[in-house]
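Heads up, the thing below is written out as structure tokens.
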Amino acid sequence: MPHAPSGDFKLYYEEVGDGYPILFIHEFAGDHTSWEPQMRYFSRRYRCVAYNARGYPPSDVPENGNDYSQDHAVNDAVAVMDHLGIDRAHIVGLSMGGFCTVHFGLRHGARARSLLVAGCGYGAPPRDHEEFSKISRDLGDRIEREGWDTISEEYAQGPTRLSFKGKNPRGWREFADNLATHSGHGAAMHMRHVQGGRPSLWDFEDGLKALPMPVLVVNGDTDIPCLETGLWLKRTIPNAGHWVLPNAGHTMNIEEPELFNLGLERFLAEAEASSLA
């Protein structure tokens with residue numbers, strides 16, 4: 001079982017295909033398997049890598065909350081690339097992974113050929129940030145108090161995932177069942193210290209205005225809490241596009257995999273042809 005070292009911890013990863021690398025970074029409610037529709041499609045022409053964040057078995061699950069943060073998340077992405085000898089890659093992230101992708105670009109821009117930032121925005125606007133942080137920390141407490149089995153089913157039925165459940169109940173059930181297998185402790189730590197501890201993206205406006213690489217911001221149109229941030233990122237990042245998928249929610253890469261893949265494929269081709277890339 002392959003693992004990449006990141007500090008004192010090990011991160012499980014999978015890779016397939018040859019060609020230019022793509023690094024996929026999953027959301028809170030996902031893991032490396034969430035990118036399976038993309039791993040299968042893009043491995044025809046790309047070297048595709050997906051990994052589990054710390055706290056998501058079979059990656060290590062640190063006990064201490066100090067070992068979870070937005071900075072640790074970015075460091076882990078870099079560690080996976082370093083372990084695999086990848087100097088530069090397309091970085092693709094969803095939700096929690098989308099935040100990681102943005103911060104990867106801010107801190108390690110020379111190593112990102114492009115950034116695709118999907119479903120990124122929960123709690124990012126300044127007026128929402130403090131409340132979102134508190135809600136996330138409280139949810140972390142609930143996970144440990146009430147148990148992950150109870151909370152995971154509730155989380156899987158959040159309003160931004162109902163379009164997925166409505167159009168593809170079997171696919172949604174697979175997503176929800178996989179979510180239930182996650183580590184409750186890892187989930188609680190992420191809620192408290194990653195979701196609940198990350199800064200507002202608005203704090204990085206100057207850095208975002210200086211990003212040199214091509215960026216595609218993607219939102220589902222029923223993912224209302226993320227739309228404002230998506231539009232703000234489009235307006236702030238110089239070489240950014242904003243793609244809104246119709247009748248799609250937060251987990252758009254598995255809710256609408258064919259559409260998502262075609263859009264990502266076109267973006268990658270344009271990024272590779274761009275003089276800025």
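A few comments on the model shown:
- Test for Asn261: is it surrounded by fewer than 19 Cβ atoms within 10 Å (Cβ to Cβ), within 18 Å of the chain's Cα centre (by Cα) and within 24 Å of Met39 (Cβ to Cβ): yes
- Among the candidates Ala112, Ala89, Ala53, residue that is among the aliphatic types (A, V, I, L, M), touching a strand residue (DSSP E or B) at 6+ places or on another chain (Cβ under 8 Å) and either surrounded by fewer than 19 Cβ atoms within 10 Å (Cβ to Cβ) or over 22 Å from Glu265 (Cβ atoms) (or both): Ala53
- Among (1) in a helix (DSSP H, G or I); (2) within 19 Å of the chain's Cα centre (by Cα); (3) farther than 22 Å from Leu11 by Cα; (4) of a type outside the set (Gly, Ala, Ser), the one test that Asp128 misses: (2)
- The one condition in (1) under 19 Å from Val74 (Cα atoms); (2) buried (at least 18 other Cβ atoms within 10 Å of the Cβ); (3) among the small types (Gly, Ala, Ser) that Gly207 fails to fulfil: (2)
- Restricting Arg113, Arg127, Arg170 to those that are touching a residue at least 60 places away in the same chain (Cβ under 8 Å), farther than 26 Å from Val61 by Cα and charged (D, E, K, R) reduces the list to Arg113.
- Only residues that are of a type in the set (A, V, I, L, M, F, W, C), closer than 14 Å to Gly123 by Cβ and in contact with a Gly (Cβ under 9 Å, 6 or more places away or on another chain) were counted across the range 218-241, and they come to 3.
- Taking the listed residues Arg173, Arg127, Arg145, the one that is closer than 22 Å to Val102 by Cβ and out of contact with any strand residue (DSSP E or B) (no Cβ under 6 Å at 6 or more places or on another chain) is Arg127, with no other qualifying.
- If only residues of the range 136-150 that are in contact (Cβ under 8 Å) with a residue 12 or more places away in the chain and out of contact with any Lys or Arg (no Cβ under 6 Å at 6 or more places or on another chain) are counted, the one that is surrounded by the most Cβ atoms within 10 Å (Cβ to Cβ) is Ile143.
- Any hit, the range 6-29, residues being of a type in the set (S, T, N, Q) and under 19 Å from Arg198 (Cβ atoms): yes
- Of the helices (runs of 4 or more DSSP H) entirely within the range 160-249, those holding at least 1 residues that are of a type in the set (D, E, K, R) and more than 17 Å from Ser95 (Cα to Cα) occupy 162-167, 169-180, 205-209, 224-236.
- Where strands (runs of 3 or more DSSP E) fall wholly inside the range 1-108, the ranges with 2 or more residues that are within 11 Å of the chain's Cα centre (by Cα) and β-branched (Val, Ile, Thr) are 89-94.
- Residues of the range 82-99 that are on the phi < 0 side of the Ramachandran plot and in contact with a Cys (Cβ under 9 Å, 6 or more places away or on another chain): Ile91, Gly93, Leu94, Met96, Gly97, Gly98, Phe99.
- Of all residues making up the range 185-226, the number that are farther than 30 Å from Val61 by Cβ and over 16 Å from the mean Cα position of the chain (by Cα): 14
For every residue, the table says whether it meets (1) more than 19 Å from Leu208 (Cα to Cα); (2) in contact (Cβ under 8 Å) with a residue 40 or more places away in the chain; (3) of a type in the set (Ser, Thr, Tyr).
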{"residue": "Glu27", "(1), (2), (3)": "yes, yes, no"}
{"residue": "Asp31", "(1), (2), (3)": "yes, yes, no"}
{"residue": "Gln70", "(1), (2), (3)": "no, yes, no"}
{"residue": "Val74", "(1), (2), (3)": "no, no, no"}
{"residue": "Val92", "(1), (2), (3)": "no, yes, no"}
{"residue": "Ser95", "(1), (2), (3)": "no, yes, yes"}
{"residue": "Cys100", "(1), (2), (3)": "no, yes, no"}
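- Residue match in the range 124-146 (condition: of a type in the set (A, V, I, L, M), over 22 Å from Asp223 (Cα atoms) and out of contact with any Leu (no Cβ under 6 Å at 6 or more places or on another chain)): yes
- Among residues of the range 1-16, those that are surrounded by fewer than 18 Cβ atoms within 10 Å (Cβ to Cβ) and free of Cβ contacts under 8 Å to residues at least 60 places away in the same chain, counted: 6
FYI, it's all coordinate maths here, none of it is from the lab. This structure is a prediction, so every number in the text was calculated from the model and none was measured. Using ideal geometry, Cβ is built from the backbone for each residue, glycine included, and neighbour counts are taken over all protein chains shown.
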